Amino acid sequence: QRDLPRAYQALTKIIAMEPDEAVWFERRAQVLVDLKRFRDAIDDYNKAEAMEPANYRSLGMLSNRALAYEGISDWDSAIKDYSEAIKLSAMIGATPPYVVNSRGNCYVSVGRYDLALEDFLTAADIMQQSRNLSGQIYASSNAALMKAELGDLDGAIRDMEKVSRRAAGSVDMRAALSALYYARGEQER
């Protein structure tokens, strides 16, 4: 079992001994995110970033700081960090599906359902290619919900039926699918 308060204390002691080492601020920030101390985490990520050379970018730091921004509902900052992490990942020939999916969630929070749908479909495709079934189902569920939000009820129903077949225990998808059937007057389904 993880002892997060103890990890935080240990990292704080290390920082006191090595205050010019960015890695310790970044690691403490990760602990702070897990402790739900998002503003403190952002402060530590920013300190770590400031200590690095101007051309240095950490994909992990960007995506983890984005998660901290999500924790304080700063969607625009989260989208900015997720987008940069995705862009840098593409430069090395990779696309991190969970980061793409997380950015899609942020787009939902700012009402950009079209961009959210793109991200969810991209994440689902990458997860399908890598045979990550649970991740693919999760991203596909998000995409189906976005199709419904954007008014593509036929597409949403088709995708929700696929997810429901692949993940029979997905109560959320079954409930959303039932609501769409009901809205279409198909209560007997």
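What follows is calculated from the coordinates using simple rules that are stated; it is not laboratory data. Everything quoted here is computed from the prediction, not taken from an experiment. Cβ atoms come from the backbone with ideal geometry, glycine included; neighbour counts cover every protein chain shown.
Relative to the Cα centre, what is the charge dipole magnitude of the chain, using +1 at the beta carbon of each Lys and Arg, -1 at the beta carbon of each Asp and Glu, and rounding to the nearest 20 debye?
Computed charge dipole of the chain: roughly 520 debye.
Which of ALA143, ALA179, ALA124 ends up with the largest GNM mean-square fluctuation for the chain, with Cα atoms connected below 10 Å?
In this elastic network of the chain, the residue with the biggest mean-square fluctuation among ALA143, ALA179, ALA124 is ALA179.
Picking from TRP75, ASN55, LEU121, whose Cα lies most toward the positive end of the charge dipole for the chain (charges on Cβ: Lys, Arg +1; Asp, Glu -1)?
Going by the charge dipole, the pick is LEU121.
Going by a ≥ b ≥ c, the root eigenvalues of the Cα gyration tensor, does the stretch 93-170 fall in the rounded group (a/c under 1.5), the prolate group (a/b larger than b/c) or the oblate group?
oblate
Among (i) 38, 17, 14; (ii) 32, 21, 13; (iii) 41, 21, 14, only one was calculated for this model; which label is it, if the read-out is semi-axes √(5λ) of the Cα gyration tensor in Å?
(i)
Does anyone have the angle between helix 22-34 and the longest principal axis of the chain? Alpha-carbon axes, 0 to 90°, nearest 10?
Helix 22-34 sits roughly 40 degrees off the main axis of the chain.
So if we plug the beta-carbon distance of ALA16 and ARG57 into 1/(1 + (r/R0)^6) with R0 = 22 Å, what FRET efficiency do we get, rounded to 0.05?
Given R0 = 22 Å and the Cβ-Cβ separation, E is 0.25.
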